[in-house]
Amino acid sequence: PKEPSGSLSADSIKIKKEIANAFVKRKKRSSPYEWYFEYYKSPMEQMHERCENYPPCDYLSDQIGFALAYNRFFG
């Protein structure tokens, strides 16, 4: 069924859960180690994100490297 605007309605694109599960499989974690690192970031990754979220640090890290840029702004 089409709406007056010509686009499909939301009801026409929905599929049943059982059908969706047939081709979309959830990735299973094989160990507690993988589960832990899926939810908690390493200190280095947190530092990279902090620098990326601050534009002057992000720009400078492209010029002189991450370590020097991070130390200049946050070190």
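The values are calculated or read from the model by the stated rules, or taken from the named source; none is laboratory data. Here the structure is a predicted model, which is why all the values come from computation and not from measurement. For neighbour counting, all protein chains shown are included, and Cβ atoms are generated from backbone atoms with ideal geometry for every residue, glycine included. SASA here: full protein model, heavy atoms, side chains in, ligands and nucleic acids out. Shrake-Rupley method; radii C 1.70, N 1.55, O 1.52, S 1.80 Å.
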Check: Given R₀ = 22 Å, FRET efficiency for S42-D62 by Cβ-Cβ distance, to 0.05?
Finding: 0.50
Next item on the list: List, in order, the whole-Hz ³J(HN,Hα) value for each residue of segment 55-62 obtained from phi through the Karplus relation with A = 6.51, B = -1.76, C = 1.60 and θ = phi - 60°; use x for Gly and Pro.
Entry: x, x, 5, 4, 5, 5, 5, 6
Item checked: Sequence of K16, K41 when ordered by accessible area, the most exposed leading, probe 1.4 angstrom -> K16, K41
Item checked: Label-point gap, in nm, between Y54 and Y33 - each point 7 angstrom along Cα→Cβ -> 3.4
